[in-house]
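The values are calculated or read from the model by the stated rules, or taken from the named source; none is laboratory data. Everything quoted here is computed from the prediction, not taken from an experiment. Methodologically, a virtual Cβ is constructed for each residue, glycine included, from the backbone with ideal geometry; neighbour enumeration extends over all protein chains shown. We work out accessible area using only protein heavy atoms, side chains counted, and drop any ligands, DNA or RNA first. Shrake-Rupley method; radii C 1.70, N 1.55, O 1.52, S 1.80 Å.
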Amino acid sequence: MIEVIPAIDLIDGKCVRLSQGDYSRCTDYGASPVDMAKMFLDNGLGRIHVVDLDGAKAGGPCNLRVLEQIGRLDGVEAEWGGGIKDDRALRDVYNAGATYAIIGSVAARDPQKMEDWLGEYGGERLILGADVKNGRIAVSGWLEDTADTIDSLIERFLPKGLSQAICTDISKDGMLEGPSFEMYTALNGKFPSVVFTVSGGISSIEDIVRLDALGLDRVITGKALYENRISLRDLQRFAR
């Protein structure tokens with residue numbers, strides 16, 4: 001059964017969502033990130049996707065205090081992305097309470113460092129964050145495109161221990177139009193040893209049911225939850 005991972009995106013310590021990765025198209029939901037995490041946890045959703053949007057732009061984690069508060073909740077497993085550019089930032093994120101660290105920009109720009117981190121921390125704690133814009137990997141909070149594709153990154157890191165990847169189709173993210181089903185099924189078929197997380201575009205519980213039927217392992221949902229297109233009660237069937 002597919003694992004559902006609720007998202008908490010942070011700007012200035014607040015829960016927000018962007019549309020297509022555009023910081024100028026930001027919705028502030030006025031919710032406490034810690035209260036949201038508690039609510040997710042109470043409904044059996046213990047793995048939570050936390051993105052430091054400030055950190056992604058600044059090049060270093062900016063909302064670690066929020067991570068510390070979420071990390072203290074009993075039973076939570078936080079996967080943290082945004083601003084992890086060097087050894088110190090990675091250690092700070094783990095020390096603040098993250099169970100998993102999502103590596104995006106470094107993987108594309110400094111693949112040797114990503115390989116070193118995989119060797120040190122293992123694929124169980126490091127997740128490749130592959131954000132796709134027009135077929136290419138985007139970095140720095142989706143503000144810059146690179147020459148890499150998802151396939152090329154996975155093929156590089158697979159022999160080094162990569163076992164998890166979160167793939168986001170930026171054109172779908174925050175648009176509530178449904179995910180890129182074809183992209184994820186193709187990746188799942190090509191790299192069966194990698195656990196892929198679907199990210200971007202989830203609009204309804206039907207999208208999640210279809211992904212489950214297609215054999216996908218994990219899915220992140222954010223905006224659909226915050227805008228009540230999916231209820232926590234809907235997701236209880238997928239609770240762990």
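Quick notes on this one:
- DSSP beta bridge pairing in the chain, given as percent antiparallel to the nearest 5: 25
- Cα gyration tensor shape for the stretch 138-240, rounded if a/c is under 1.5, else prolate or oblate: oblate
- Helical content of the chain, expressed as a calculated mean residue ellipticity at 222 nm, amounts to -9000 deg cm²/dmol (DSSP H runs of 4 or more residues, -39,500 (n - 2.57) each, divided by residue number, nearest 500).
- Surrounding net charge for VAL106, when Lys and Arg each add one and Asp and Glu each subtract one, Cβ distance under 11 Å: -2
- Between MET39 and PHE181, the distance separating the two model label sites (each 7 Å from Cα on the Cα→Cβ line) works out to 2.9 nm.
- Using the Cβ-Cβ distance between ARG88 and THR149 with R0 set to 35 Å, the FRET efficiency from 1/(1 + (r/R0)^6) comes to roughly 0.75.
- In this structure, the pairs whose alpha-carbon distance is over 28 Å, taken from LYS113/LYS133; LYS14/LYS133; LYS113/LYS223; LYS57/LYS190; LYS85/LYS133; LYS38/LYS133, are LYS113/LYS223; LYS57/LYS190; LYS38/LYS133.
- Nonlocal amide H pairs with ILE8, under 5 Å, H built at 1.01 Å: HIS49, VAL50, VAL51
- Around ILE2: net Lys/Arg minus Asp/Glu count, Cβ-Cβ under 9 Å: -2
- With the alpha-carbon atoms of the chain aligned to their principal axes, the span from lowest to highest coordinate is 43, 38, 34 Å, starting with the largest.
- Accessible-area order (highest first, 1.4 angstrom probe) of the listed residues VAL209, VAL76: VAL209, VAL76
- Each Cα pair under 8 Å and six or more residues apart adds its separation to the average, and for the stretch 12-110 the resulting relative contact order is 22 percent.
- Å² per residue, accessible surface of the chain at 1.4 Å: 42
- For ASP74 and GLU206, the difference between the fully extended length at 0.36 nm per residue and the C-alpha to C-alpha distance is 44.5 nm.
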